[in-house]
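Beneath this line is the structure, given in structure tokens, with notes to follow.
The values are calculated or read from the model by the stated rules, or taken from the named source; none is laboratory data. Here the structure is a predicted model, which means the values were calculated and not measured. FYI the Cβ positions are ideal-geometry reconstructions off the backbone, even for glycines, and counts take in every protein chain you see. In case anyone asks, the SASA skips ligands and DNA or RNA and just uses the protein heavy atoms, side chains included. Shrake-Rupley method; radii C 1.70, N 1.55, O 1.52, S 1.80 Å.
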Amino acid sequence: MPGPPQTMRTPQWARLVDPAHGMLVQIGAHDHANHGYANPDVGPLCVSRGWRALLVEPMSEAFSRLKAQYKEKLLVDNGRLRLLNSAVCGSCDQHESVMWAIDLSNPTSMAMRCLAALNDTYGWVGELASLSRRHVIKHDYVFNWRVNECKICAERLGVPALRPNCMHKVLGDNVQRRVTKCACLEHELQSEESVTLLLVDAEGFDADILRRYPFGRVPTTRVMFEKFHLNASAVHATAELLRSHGFMPVPSESYKDAYTETWHHTTHDTPLLVDAVAKRTHSTRGTRIRQSADSYRTIRRPSE
């Protein structure tokens, strides 16, 4: 039998949520494709299980791929998904903002050609977009000295041996300014009675977005945000904000994950599946529970 919802890791919990009641809000949805890095996205799992969703992605290329994927699966047209090509900006009065991202289309740059040749390792660069130019280019430290990668790049491109810093300043030299529309979560969630899962991946602006989220009006069951790019004071302030709205950290994720924090509300809960099959049967207090990998069924003994 699974433990209490408040203790479950998010993928396990999401599989038990009744899809008829599941509602996902994801800020920074990208394209819902697996790019193979250490911070897996639970958003596609929620959509695949039939949850309704509001997916917000500011970058036009990623948004186009996101829209094409779900339009092909007929999920956009049936009203289960709402897709917004927008950023969550500083206020609801703001209509446009500047985003910064990496231009991956520069064919003259050897550093960029290497980045493309090593996409299996550095595919995350295509997801790198922020309201802060400084935040984007600070990731250049990753590429300052890559002996093995530059050797592999030369082999894949069929060029002579490259210097160990062949990708030095690849981000700073290819960062690009983009203008994007702004979305106001207060307005976008006006018709929603509740949200099951709020996912935020805003490249250093997660705390700002959570401060503007309408917790007071929209009961929300679980929140997951990226803490990796926040300083200690921002993480602390966000924790205090969530506690003030009735959330408690999920120990298995908040304390063991270097990238994200997960918080579950102490009273707002989303119904879990009650029609489930289990691997084993056991009895407790007159209740027989059959369990399986995916779900469980509770059957009361008939009264004497």
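Taking segment 117-134 as the range and being modelled with pLDDT under 90 and not acidic (Asp, Glu) as the test, the residues that pass are Asn119, Thr121, Tyr122, Gly123, Trp124, Val125, Gly126, Leu128, Ala129, Ser130, Leu131, Ser132.
For the structure I just gave you, tell me whether Glu240 is in contact with an Asp or Glu (Cβ under 8 Å, 6 or more places away or on another chain) and either modelled with pLDDT of 95 or more or within 18 Å of Ala202 (Cβ to Cβ) (or both). No, not satisfied. Quickly run through segment 261-286 and pick out the residues that are modelled with pLDDT of 85 or more, open to solvent by 20 Å² or more (accessible area, probe 1.4 Å) and either more than 31 Å from the chain's Cα centre (by Cα) or over 15 Å from Gly22 (Cβ atoms) (or both). Within segment 261-286, Glu261, Thr266, Thr267 qualify. Among the residues in segment 45-59, are any modelled with pLDDT of 90 or more, surrounded by fewer than 19 Cβ atoms within 10 Å (Cβ to Cβ) and over 22 Å from Arg9 (Cβ atoms)? No: segment 45-59 contains no residue that is modelled with pLDDT of 90 or more, surrounded by fewer than 19 Cβ atoms within 10 Å (Cβ to Cβ) and over 22 Å from Arg9 (Cβ atoms).
Tell me yes or no: at least one residue of segment 248-260 is within 26 Å of Cys92 (Cβ to Cβ), open to solvent by less than 30 Å² (accessible area, probe 1.4 Å) and modelled with pLDDT of 85 or more. Within segment 248-260, not a single residue is within 26 Å of Cys92 (Cβ to Cβ), open to solvent by less than 30 Å² (accessible area, probe 1.4 Å) and modelled with pLDDT of 85 or more.
Out of Leu242, Leu198, one residue alone is among the hydrophobic types (A, V, I, L, M, F, W, C), assigned to a strand (DSSP E or B), open to solvent by less than 30 Å² (accessible area, probe 1.4 Å) and out of contact with any helix residue (DSSP H, G or I) (no Cβ under 6 Å at 6 or more places or on another chain). It is Leu198. Read through the list (1) in contact (Cβ under 8 Å) with a residue 24 or more places away in the chain; (2) open to solvent by 40 Å² or more (accessible area, probe 1.4 Å); (3) farther than 20 Å from Glu61 by Cβ, then give the number of the only condition that Trp145 fails. All conditions are met except number (1).
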